[in-house]
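The values are calculated or read from the model by the stated rules, or taken from the named source; none is laboratory data. For clarity, every value in this text was computed on a predicted model and none was experimentally measured. We place every Cβ from the backbone using ideal geometry, glycine too, and count neighbours over all the protein chains shown.
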Amino acid sequence: MSDLTAFLVILAVGVGTYVSRSVFILALANRHIPPALVRALSYVAPSILSALVVTQIVGSDGHFTIGIAETAGLLAGAVTVWRSRNFLLSAGVGMAVLWVLSALL
């Protein structure tokens, strides 16, 4: 693949992403969104995060694929987000626990 082809592919993907995201913003800019929809949409991010975590924890054969360090980091992050309601703090705590235990074990 030439440099020009790679550049054009990246540009096309970028434009496609921009258009697909901006359509919803522009279409809903001056409309009232029902409270039930807003409430339902508030569950999208946690459900996607849960799906990503589960696919990393459980392998294709149905067995757990993570070790002690990963489990401890996951639990530390879960407890932190439950207590503080701060996602960035919980991600930081979980990663710190993972890194420390990975270095020690």
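Can you tell me which of I33, I10, I66 is closer than 30 Å to L101 by Cα, of a type in the set (A, V, I, L, M) and more than 17 Å from the chain's Cα centre (by Cα)? Write out each step before concluding.
On the way: I33 fails: closer than 30 Å to L101 by Cα; I10 fails: closer than 30 Å to L101 by Cα.
One residue alone meets the criteria, I66.
Scan segment 75-98 residue by residue and report those that are in contact (Cβ under 8 Å) with a residue 24 or more places away in the chain and either out of contact with any Asp or Glu (no Cβ under 7 Å at 6 or more places or on another chain) or in a loop (DSSP other than H, G, I, E, B) (or both). Quick ask: steps written out before the conclusion?
Pass one, segment 75-98, residues in contact (Cβ under 8 Å) with a residue 24 or more places away in the chain: 97-98.
If the condition is that a residue be in contact (Cβ under 8 Å) with a residue 24 or more places away in the chain and either out of contact with any Asp or Glu (no Cβ under 7 Å at 6 or more places or on another chain) or in a loop (DSSP other than H, G, I, E, B) (or both), then V97 is the only one that fits.
Looking at segment 67-90 only, could you name the residues that are exposed (fewer than 15 other Cβ atoms within 10 Å of the Cβ) and either hydrophobic (A, V, I, L, M, F, W, C) or at pLDDT below 85 (or both)?
At the first step, the residues of segment 67-90 found to be exposed (fewer than 15 other Cβ atoms within 10 Å of the Cβ) are 67-68, 75, 78-79, 82-89.
Those that are exposed (fewer than 15 other Cβ atoms within 10 Å of the Cβ) and either hydrophobic (A, V, I, L, M, F, W, C) or at pLDDT below 85 (or both): I68, L75, A78, V79, W82, F87, L88, L89.
Filter segment 54-63 down to residues that are among the aliphatic types (A, V, I, L, M) and surrounded by 10 or more Cβ atoms within 10 Å (Cβ to Cβ) and give me whichever is nearest to the chain's Cα centre (by Cα). Explain how you work it out, then say what you get.
Applying the first criterion (among the aliphatic types (A, V, I, L, M)) to segment 54-63 yields 54, 57-58.
Then drop every residue that is not surrounded by 10 or more Cβ atoms within 10 Å (Cβ to Cβ), which leaves 57-58.
On the way: I57: 14, V58: 17 Å.
Only one residue tops the list, namely I57.
Among the residues of segment 44-53, how many are hydroxyl-bearing (S, T, Y) and surrounded by 10 or more Cβ atoms within 10 Å (Cβ to Cβ)?
Here is the first cut: in segment 44-53, the residues hydroxyl-bearing (S, T, Y) are 47, 50.
Add one more test, that the residue is surrounded by 10 or more Cβ atoms within 10 Å (Cβ to Cβ), and what stays is 50.
Number of matching residues: 1.
Taking segment 54-69 only, how many residues are out of contact with any Leu (no Cβ under 6 Å at 6 or more places or on another chain) and in contact (Cβ under 8 Å) with a residue 12 or more places away in the chain?
Filtering segment 54-69 for residues out of contact with any Leu (no Cβ under 6 Å at 6 or more places or on another chain) gives 54-68.
Adding the requirement that they be in contact (Cβ under 8 Å) with a residue 12 or more places away in the chain leaves 57, 67-68.
Total meeting the criteria: 3.
Please go through (1) farther than 20 Å from S102 by Cα; (2) assigned to a helix (DSSP H, G or I) for S60 and return the number of the only condition it doesn't satisfy.
Of everything listed in (1) farther than 20 Å from S102 by Cα; (2) assigned to a helix (DSSP H, G or I), S60 misses just condition (2).
With the requirement that a residue be among the hydrophobic types (A, V, I, L, M, F, W, C) and either under 17 Å from A91 (Cβ atoms) or in contact (Cβ under 8 Å) with a residue 24 or more places away in the chain (or both), what does segment 20-53 give you? Step through it out loud before you land on a result.
Initial filter on segment 20-53 (among the hydrophobic types (A, V, I, L, M, F, W, C)): 23-29, 33, 36-38, 40-41, 44-45, 48-49, 51-53.
Listed by number, the residues that qualify are A45, I48, L49, A51, L52, V53.
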